[in-house]
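Here the structure is laid out as structure tokens; the discussion comes afterwards.
Just so it is clear, none of the values below were taken in a lab; they were calculated from the coordinates. Please read these numbers as outputs of a predicted model, since none were measured by experiment. Don't worry about glycine lacking a Cβ; one is built from the backbone with ideal geometry, like all the others, and counts go over all protein chains shown.
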Amino acid sequence: MKKPKLKLIWLQSITCNGNAHSFLNHPELFNILENYQLIYHPLLNSVNTIEELYTKELECDILILEGAFKRVGFTKFDKEVYTIAKAYSNRAKWIITAGTCATFGGIFQEADNISGFVFNSELKKENFNTYKDKLISIPGCPIHPKWIGFALDMIANGKKILLDDMLRPKELFASTVHQGCVRNEYFEWKVDTKGFGTKEGCLFYELGCQAPYTRGSCNKIAWNEVSSKTRVGTPCFGCTEPTFPKNSLFKTKTNMSIPKNVPLGVPKRAYLTMTGVAKGFKIERLEKRLIDYED
Amino acid sequence: MSKKEKKRESIINISLELFSKYGFHKTTIPDIAKALNMSVGNLYNYFKSKEILAQDAIIYTSNYLGSKIKDINIQDISAKEKIKKIVEVYFKIAQDKPQMIEYFLRVYLSNREVFKDGCSGMACVSGFVTEIMIFFESAVESGELRDQDFFSAFGLFMGYLGGMVFLKGEDILPQEIDFYIEDISVNIYNALKA
């Protein structure tokens, strides 16, 4: 007998739709969704309408939450979105918070009384304890389509997803965005980039790159199959972190020219020692343009 | 510390004295061996050349000074108090181990060609400079010192202390160097405070 499809609901709270849109870029989108019955999705054909989502008690195996939450005061069809999200959460076998807003609060946590479904920035909310056995956090602004694809595939195939202490899949969030960055050679020898969008130089020293202390796999699982922020010469904004967003995203915060933040888990003393030594050497190959373009 | 490490350290200490007293070029490996009562051949077992010895001597000095400043950095006290302790420790070394500071001022800074290969940039003084960086970074982060370029602050702090020790070495100071600790600490703090 054919295995019944898992019933999927994608429920949006306070959101820009970015994660739902991002998922549409997955090259294997419809193969992944083969295993699922879309009870409700905001952008794809679904069994039910949004009104039915809010006014009926639909069946739900897997609930994907997108957007930040306000306990009281954000309603759809005269229902508190938070209350409906809780009701489906109680019924679901798995809950995925898709995106930084649903997970930690994201940009909306700047406002009063708005936070993630599971965390308020780094603080665990009661939902963490209530649902921790079936929760999966996938932060990102937006999420990478393949991150949510990974989770959906693993669930559909009955595989266990190993999670960290914030319930993020270790497969995706155990390393930093710095891993796999094509500019690592410049980081090793402390060669700054000369500006945005160039092939050369590291973005960590001047242009605010947060990749060395941001968990994620943007440079291991390329975006649109080919790229990442740092590959094209834009700094990582740390969008997967509970503290996202921060200020002055294009400038490295320094105290007396010394980076305020250093790579994850590296003592500042160790980092500065390495930096001091590396900066003492001028590696001509790394100082030059890789390609001299003709006008 | 093993016997070999102890011997190595004693060679460095004598070298610091001789280099800072007679200069790098006028001091020979046989002079150093003689002062230690060891054979020239044996000394070469520890250091392959006078240049390598000179470079290891600056690393040794930098790490010694760095370890003293680290002891201050890890204390839970204000930046103002740390400044005073750093001044105290610097002047104490200038009194107890004058060869260390003298070596830095009169050999390391004056014979750059000796240190060109292997000690370029901060490579051989990172033990010391790293601790000064840690001090400055945390003091700016806590709001006690004003944010500025590292070198403008570093030059003010270390140039000042080095200058005082140089004057002491030239026997120009009318008072013992300890006499100046309080005023110098206040001057540095006032110049750097937020």
Net charge of Cβ neighbours under 14 Å - reference A:Tyr271; Lys, Arg +1; Asp, Glu -1:
+2
Which of A:Phe281, A:Phe74 comes first, and how do the rest follow, when ranked by fewest Cβ neighbours within 10 Å?
A:Phe281, A:Phe74
Just the isolated ones, please: cysteines in chain A lacking another cysteine beta carbon under 4.7 angstrom.
A:Cys16, A:Cys60, A:Cys101, A:Cys181, A:Cys202, A:Cys209, A:Cys218, A:Cys236
Ranked from fewest to most other Cβ atoms within 10 Å of their own Cβ, A:Thr49, A:Thr230, B:Thr27 fall in the order A:Thr49, B:Thr27, A:Thr230
Relative to the first principal axis of the alpha-carbon coordinates of chain A, what is the inclination of helix A:145-156, with its axis defined by its Cα atoms, in degrees from 0 to 90 and to the nearest 10?
50
Pairing the Cα long axis of helix B:150-169 with the longest principal axis of chain B, what angle in degrees results, from 0 to 90 and rounded to the nearest 10?
60
If you wrap the stretch A:5-147's Cα atoms in a convex hull and average its projection over all directions, what's the area in nm²?
7.7
Cα-Cα separations in the stretch B:1-87 greater than 16 Å, expressed as whole percent:
58
Evaluate peptide A:263-270: per residue, the Cβ atoms of other protein chains within 10 Å of its Cβ; return the mean as an integer.
2
I need two numbers for the stretch A:27-105: Rg to one decimal and Dmax as a whole number, Cα atoms only, in Å.
12.9, 38
Selection from B:Ala194, B:Leu167, A:Val118, by position along the positive dipole direction of the protein assembly as shown (Cβ):
A:Val118
Taking the square root of 5 times each eigenvalue of the Cα gyration tensor, what semi-axes in Å does the equivalent ellipsoid of the stretch B:150-194 have, largest first?
21, 13, 5
Short version: ³J(HN,Hα) in whole Hz for each residue of the stretch A:194-200, in order, from phi by Karplus 6.51 cos²θ - 1.76 cosθ + 1.60 (θ = phi - 60°), x for Gly and Pro, what are they?
8, x, 5, x, 8, 7, 9
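Can you check what the net charge comes to around B:Phe47, using other residues whose Cβ is under 10 Å from the Cβ of B:Phe47 (Lys, Arg +1; Asp, Glu -1)?
Residues close to B:Phe47 contribute a combined charge of +1.
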Around A:Gly216, under 13 Å between beta carbons, what's the net of Lys plus Arg minus Asp minus Glu among the other residues?
+3
³J(HN,Hα) across the stretch B:85-95 via Karplus (A = 6.51, B = -1.76, C = 1.60, θ = phi - 60°), whole Hz, x for Gly/Pro?
5, 5, 4, 4, 5, 5, 6, 5, 5, 4, 8
What list do you get for A:Phe23, B:Phe104 if you sort them by fewest beta carbons within 10 Å?
B:Phe104, A:Phe23
Pairwise centroid distance, computed over Cα atoms, of the stretch A:97-120 with the stretch A:272-295, Å:
40
Compute the FRET efficiency between A:Glu188 and A:Phe77 as 1/(1 + (r/R0)^6), taking r as their Cβ-Cβ distance and R0 = 60 Å, and round to the nearest 0.05.
0.60
For the protein assembly as shown, convex hull volume per residue from C-alpha positions, Å³
217
Considering amide H positions built from the backbone, and no H for Pro or chain starts, which residues 5 or more places from B:Lys193, or on another chain, come under 5 Å of its amide H?
B:Arg146
Using all C-alpha to C-alpha distances in chain B, build P(r) with 10 Å bins and read off the rounded percent in each one.
8, 34, 33, 18, 6, 1
Cα-based helix-to-principal-axis angle, B:181-192 vs chain B, degrees rounded to 10:
60
